[in-house]
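Computed from the coordinates by the stated procedures, all read-outs in this text should not be read as laboratory data. Remember, it's a predicted structure, so these values are computed and weren't measured experimentally. Neighbour counts run over all protein chains shown; Cβ positions are idealised from the backbone, glycine included.
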Amino acid sequence: MNLTEQQDPARIIRRILRVNDAGERGGVAMYQTQLAVARWRCPEVVPFLELTRDHEADHARRFRALMPSRGAKACRLPWIWTIGAAAMGAATAVFGARAIYLCTEVVERGVHQHLSVQLAFVRDHDPELAALIESVAADEAEHYQHAVRLRGDRRAPLSGLFDAAITASTEVLMWLSTRGDVARLARRLETEGAR
C-alpha cells in the first residue's frame, strides 16, 4: 500500500500548508525577537537577522496565499508558535552572535529536513506547492549555510544543549501542527525509498 492509498493527499497538503504557515510565522517572531536583543547585544548580526526575518515573512505570505484554494486553514494555536519562537529567539540572542547563529543553524537544519520530505510528496500531487517549497528551501539553505559559516567553534559551551533543546521544541511544534502527519509521511517515504 502506498501513501496515497493510506492517506488522502489533499488532507496532507492542507496540513503541510498549515505547518509551513505556522513555522514561517514562528520564524518571523524568532528573528524579530533576536533582532530586538541583537541591536544592543551584537549589532553586527542585525543585517543578517533583518534579511532572514523578511524572507520568513515572505514565505508565510506565499504559503498563506495557497491555503484558500486547497481548503487549508491556519494553525489552530498560532500563539504557541509565536510565543515559543519568540522565547527561543530571546533565550539565544542574550548569549550573543554565536548563539544566534547556532539557533539559525539548528532551526534551518530541521526545516530543511521537513521541506525535503514535503517536497518528495507534493511533487506528485501539487506542482505549484512543490515549486514554492523548492524556492523556500533555497532561502532556508542560504540561512543555514550563512549561520554555519559564521558560528565559529563547534565545541563552544552549551552548544549541544542548545542544539538538543531547539531541535526538540521544533519537532514537537511540527508534530502537533500536523497531528503527526509529517512524521508519518517521513517514515513512509523512508520505507518506500529503502525498497
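Segment D163..I83, full-extension length gain: 26.9 nm, with 0.36 nm per residue of separation and the alpha-carbon distance subtracted. On the beta carbon distance between A90 and D58, with R0 = 30 Å, the FRET formula returns roughly 0.80.
Using Cβ point charges alone (K and R +1, D and E -1), the dipole size of the stretch 9-149 about the Cα centre works out to roughly 600 debye.
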